[in-house]
Amino acid sequence: MIDNLPYILISIFIMAGVTYLVRMLPLTLFRKKIENRFVKSFLAYVPYAVLAAMTFPAILDSTSSIWSALAGLAVALILAWKNRSLLTVALGAVATVLVVEQALVWMQMLSFA
């Protein structure tokens, strides 16, 4: 059996409690409807900002080279700017990363030959 099972279970319960508090605290603190235009517009953009803050570093760290990550990001941004579908954007970015990674491997092989 796992030696540190109590530690794992305690960690899971603490994370569940923190997650519950973060989600329920705004509901208990703000019972009346928010009327302020500034606060409403600010809260409307929070999910996008949080998603970007969580996703952008992962994009740059997900490949073996920063150059392939930047190339994939650039292609994804261009395809998204041209209103392509999500599948097209994802496949285009993945294909670009694959091509750039392979090109970098070939360049390394040629430099050692």
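Residue-wise test of (1) in contact with a His (Cβ under 6 Å, 6 or more places away or on another chain); (2) of a type outside the set (A, V, I, L, M); (3) not assigned by TED's automatic domain parsing to the domain that holds Ala76.
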| site | (1), (2), (3) |
| --- | --- |
| Ser11 | no, yes, yes |
| Val18 | no, no, yes |
| Ser41 | no, yes, yes |
| Ala52 | no, no, no |
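Within region 62-82, how many residues are in contact with an Asp or Glu (Cβ under 8 Å, 6 or more places away or on another chain) and modelled with pLDDT of 95 or more?
Matching residues across region 62-82 total 2.
The values are calculated or read from the model by the stated rules, or taken from the named source; none is laboratory data. Nothing here was measured: the structure is a model prediction, and the numbers come from that model. No Cβ is skipped: glycine too gets one built from the backbone with ideal geometry, and neighbour counts run over all protein chains shown.
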